[in-house]
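Bear in mind these aren't lab numbers, they're just calculated from the coordinates by the rules spelled out. Predicted model only: the values in this text are computed from it and were never measured. Don't worry about glycine lacking a Cβ; one is built from the backbone with ideal geometry, like all the others, and counts go over all protein chains shown.
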Amino acid sequence: MDLEKMNLSEEDIKNRYISPAIFDHTGWRKADARMEYSYTDGQINVVDDVATRGKKKRIDYLLYYKPNYPIAVVEAKDRKKHPAPGAGLQQGIGYARDLDVPFVYSSNGDAFVEHDMITGKEKTISLNDFPTKDELWTRYKEEKQPSEEQIKIINEPYFSSREVYSPRYYQQNAVNRIINKIVNGARRVLLVMATGTGKTYTAFQVVYRLLNAGVKHRVLYLADRNILVDQAMTDDFNPLSNKITKVQGGKMDSSYPIHFALYQQLAGKDEEEGHEPFRQFKPDFFDLVVIDEAHRGSAKKDSQWRKILDYFDGPNVTHLGMTATPRNDKDGSNIAYFGEPVYTYSLKQGIEDGFLAPYKVIRVNLDIDIKGFWPKKNEKDKLGQVIKNKQYTSRDFDRTMIIEQRTKEVAKYVSDYLKQRNARWDKTILFCEDTEHAERMREELINQNSDLVAQNDKYVMRITGDDIEGKKQLDNFENVTSKYPTLVTTSKLLTTGVNVKTCKIIVLDSNINLMTEFKQIIGRGTRLDPSHGKEYFTIIDFRGVSRLFADPEFDGEPIEIINGGTGSGTTGVPYPHTHCGGCVGEGSQHPKYVVDHEVNVVGDETQYLDEHGNLITTSLTDYTKKNILGKYATLDSFLTEWNDAEKKQVLLNELEKHGILYKELMKEENIKDMDPFDLIVHLAYNQKPLTKSERVNNVKKSGILDKYQGAAREILNTLLEKYKNDGIADLESNQVLSLPEFDKFGGAIKIIMTFGGKKNYENTIKEIKNRIYS
């Protein structure tokens, strides 16, 4: 038996031993399991504008107690490479940790090794003793001791339909943890999820299950922007539309169990204190209050909106806050009010899982920013003002010092970048210092793109809080099917609450120092939309703002506010307040000098995300070489796998998933005729490459074709020409015999019979392949 198992593949081990052990005598049904279950999409890797998908995380068996509650992971291994049955346990534990699954099993067909995630204990059990569903559920209840209400919630399914997708793994985790917290009596719950990962959808599933289970009965959903309320109602909460009302005109309707409202509408005016609209209902009317974008101040003690939360705050009321940017400060914002997040799903994790778009960063250096500007004594600006004698730096530009040529140079660089890449229809947001800067940038972009502006004057627009016409176009800018507006300038308005899925370029020409603002701006580009060509986005940074990616706070612990500024994660020193973030509105309150001074780009640098989420400077060639050596440390190890591969193209396809992007490199003119094999060994191991033509000539010189005559020899010569022109995939596929150039030989079946049958034909092709790569 052991000798038989030694030669079985992992798939055979599963079919012959593991699946029968799980499903034949334990009461588990295949309907209770998801086999070969991929719970991530695979990270998108971007180098030189080439985007490729990495490997998905895939579980051999995921067993469910209920459709919404996974209870066990089973990881299978083959016997030959993994003589110990527990070889897959650490891998399975990683999956279980991701999915909040309590029990993990590993097997190579000899036995099961179990790891209990609750107790931390492990044990080995025979194939015949795999636990039943009821046994696992009983153990879970004994170890976790859930309340009756928690069990009732576990039995309550998610909402799912053809129109509403099932929750992703992290959304399931978030929903389950929020609900458990609420059922255990928590009155403050904070959910932290990166922009674009579905906070509103997660909130919908929480509300749906709590209402259906009878744990909660009336819900108030609060936001501070009309677009957030409308999007939530019409999109994610649409399945509950018959239970929803929107508070308008200060009137509240008690006949609906779910109310959507703007803080501003419920709070009323300051002079109407004591008669605010929210007082139409008793304090215990709502038993769940959902606070969208909870980082924007509703929980602060001195906020005019805090009175709403304080009012609806009875003993049975839960406040659920949602944010992408948690903060921890002394005045009650975020964590100080809600407590530590019950669940966090970060931007870094979203990119690693392939659910969010990765980014590349282009850092552009302008000479004026490097040197600064120092006026001559008594020098006047274009307005006739004497310029205060001091050195002006990039922190001053467009704030107290306007250098017109600088704005032109930024607009020209961005426009040239789009033109050179045939990307002029890629939706782009340019973040400026203030509304005046945004207007000047709009004018310069128009001048740089006058041909497209002549076709439609909405190609370039300013969308800021004080621009009525611009704000009217916000819906069109978000609409994936609308071309206009395309290039948009802004200052603060588009930092949050705007869902532009097809935004491919973010330009930073503002001194952004607040980490919360930086995170929100980056979030404008993280949504994926492959159907419209959006697999990654580009950040063009003119102010050195992208340095904040390296700060531990960017994707680490919640930001701690010190003395009103954003503290550094290592030193506690606040970032300097240089961008008028505390000013009222979006305009600047500072007097400005306007000067004419030559400005030039002195260099730029492009950086990409590596597999660890770090920004690196690399090229497609270096990236591919690094990944080859990462998989095959020596030439011998590569040759061994290459020679063992029955289908070379299958191996090449697998290598692409590991970031070995040979197809993209082979687009270069000087290596178009090179075999991928030669490209790999030349690039990584400095071996002399051959062209496909040279390899075909070597096959012919070897005499291997001399034993074939007539049609058989002509067929092989035709196949070698197909290899020379199109690659090894055609030689390895019998379907190639159905192509027009083989019609004269009588079709696929007759060709195969020319060689004495399928087995002989395949042996002949194998011999030819061995000779090609000898």
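Here Lys707 is the anchor, and the aspartates and glutamates within straight C-alpha reach of less than 14 Å, apart from those fewer than 8 places off in the same chain, are Glu767.
For segment 658-774, what is the charge dipole size about the Cα centre, in debye to the nearest 20, if Lys and Arg each add +1 at the Cβ and Asp and Glu each add -1 at the Cβ? Display every interim value, and only then the final one.
On the way: 19 positive and 17 negative charges, 88 e Å.
In total the dipole reaches around 420 debye.
Given an 8 Å cut-off on Cα distances and at least 6 residues of separation, report the relative contact order of segment 693-772 as a percent. Relative contact order, segment 693-772: 33 percent.
Could you tell me which trypsin sites (Lys or Arg not before Pro) in segment 124-185 are loop residues by DSSP with no more than 10 other beta carbons within 10 angstrom of their beta carbon? Intermediate values should be presented prior to the final figure.
Values: sites: Lys133, Arg139, Lys141, Lys144, Lys152, Arg162, Arg168, Arg177, Lys181; in loops: Arg162, Arg168.
Answer by residue number: Arg162.
Per-residue ellipticity at 222 nm, computed for the chain from helices alone with -39500 (n - 2.57) per DSSP H run of at least four residues, works out to -9500 deg cm²/dmol. Across the options Asn760, Asn686, Asn698, the greatest Cα extent toward the positive end of the charge dipole of segment 657-774 (unit charges at beta carbon of Lys, Arg, Asp, Glu) belongs to Asn760.
What's the magnitude of the charge dipole for the chain around its Cα centre, counting Lys and Arg as +1 and Asp and Glu as -1 at the beta-carbon? Answer in Debye, nearest 20. Write out the running numbers ahead of the final one.
On the way: 109 positive and 115 negative charges, 155 e Å.
Its charge dipole is roughly 740 debye.
Qualifying GluC sites (Glu not before Pro) in segment 668-718, where qualification requires a DSSP coil assignment and no more than 13 other C-beta atoms within 10 Å, comprise Glu668.
Once a ≥ b ≥ c are taken as the square roots of the eigenvalues of the Cα gyration tensor of segment 2-145, is the result rounded (a/c under 1.5), prolate (a/b larger than b/c) or oblate (a/b not larger than b/c)? Note, shape of segment 2-145 comes out oblate. Between Phe677, Thr489, Tyr165, the Cα set farthest toward the positive side of the dipole of the chain (charges on each charged residue's Cβ, about the Cα centre) is that of Phe677.
Spatially close Lys pairs in segment 150-345, defined by Cα atoms under 15 Å apart and a spacing of eight or more places or different chains, total 10. Selection among Tyr39, Leu240, Thr323 by position relative to the dipole of the chain gives Tyr39 as farthest towards the positive end (Cβ unit charges, Cα centre). The modelled label-to-label distance for the pair Ser160/Asp673, using points 7 Å beyond Cα in the direction of Cβ, is 5.5 nm.
Annotation for Gln145 and Lys744: the two label points, set 7 Å from Cα along the Cα-Cβ direction, are 8.5 nm apart. For Lys77, the lysines whose Cα comes closer than 16 Å to its Cα, not counting residues fewer than 8 places off in the same chain, are Lys5, Lys14, Lys57. Legend: distances between Cα atoms for Lys667/Lys759; Lys700/Lys766; Lys80/Lys625; Lys388/Lys471; Lys419/Lys724; Lys412/Lys483; pairs beyond 25 Å are Lys667/Lys759; Lys80/Lys625; Lys388/Lys471; Lys419/Lys724. Once label points are set 7 Å from the Cα along Cα→Cβ at both Thr119 and Asn600, what is their separation, rounded to one decimal in nm? Simple spin-label model gives 7.4 nm for this pair. Is the C-alpha gyration tensor of segment 665-774 telling us rounded, prolate or oblate? Criteria: a/c under 1.5 is rounded; beyond that, a/b larger than b/c is prolate, otherwise oblate. Prolate, because a/c is 1.5 or more and a/b exceeds b/c.
Starting from the Cα of Arg421, move 7 Å in the Cα-to-Cβ direction to define the label point; list residues of segment 51-92 whose amide nitrogen is under 14 Å from there. Flagged as within label range: 51-52. With a Förster radius of 25 Å applied to the C-beta separation of Ser255 and Asn476, the computed FRET efficiency comes to 0.10.
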